[in-house]
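Down below is the structure, laid out as structure tokens.
Please treat every number below as a calculation from the coordinates, not as lab data. Quick caveat, the model's predicted, so the values are computed rather than measured. A quick note on method: Cβ atoms are made from the backbone with ideal geometry, for glycine too, and the neighbour counts reach across all protein chains shown.
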């Protein structure tokens, strides 16, 4: 399995985007929704076979870490 590295930028909205008056809204949500959207990987070309493969992998590798939603976007084409 490939390794993945994630970097977080402290005060991203203030320092990186220059929004000097940004203030987070505390406790707005219990937890951020965690999901995956087919559009960013397949655009309009997703097939039923693609989605079966992706959802199997998502359930196996990401659901244990909090993945809750899978959005099948735009259209799914039959093969």
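Below, the figures for the structure above:
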| item | result |
| --- | --- |
| Counted residues, the range 27-73 - those being in a loop (DSSP other than H, G, I, E, B), free of Cβ contacts under 8 Å to residues at least 24 places away in the same chain and touching a strand residue (DSSP E or B) at 6+ places or on another chain (Cβ under 9 Å) | 0 |
| Condition check for residue 31: farther than 19 Å from residue 73 by Cβ and either surrounded by 12 or more Cβ atoms within 10 Å (Cβ to Cβ) or within 17 Å of the chain's Cα centre (by Cα) (or both) | yes |
| Criterion (surrounded by 10 or more Cβ atoms within 10 Å (Cβ to Cβ) and more than 19 Å from the chain's Cα centre (by Cα)) met by exactly one of 48, 68, 54 | 48 |
| Where residue 47 falls short, out of the listed (1) within 14 Å of residue 73 (Cα to Cα); (2) in contact with a helix residue (DSSP H, G or I) (Cβ under 6 Å, 6 or more places away or on another chain) | (2) |
| Total residues in the range 10-26, condition part of a helix (DSSP H, G or I) and closer than 24 Å to residue 66 by Cβ | 2 |
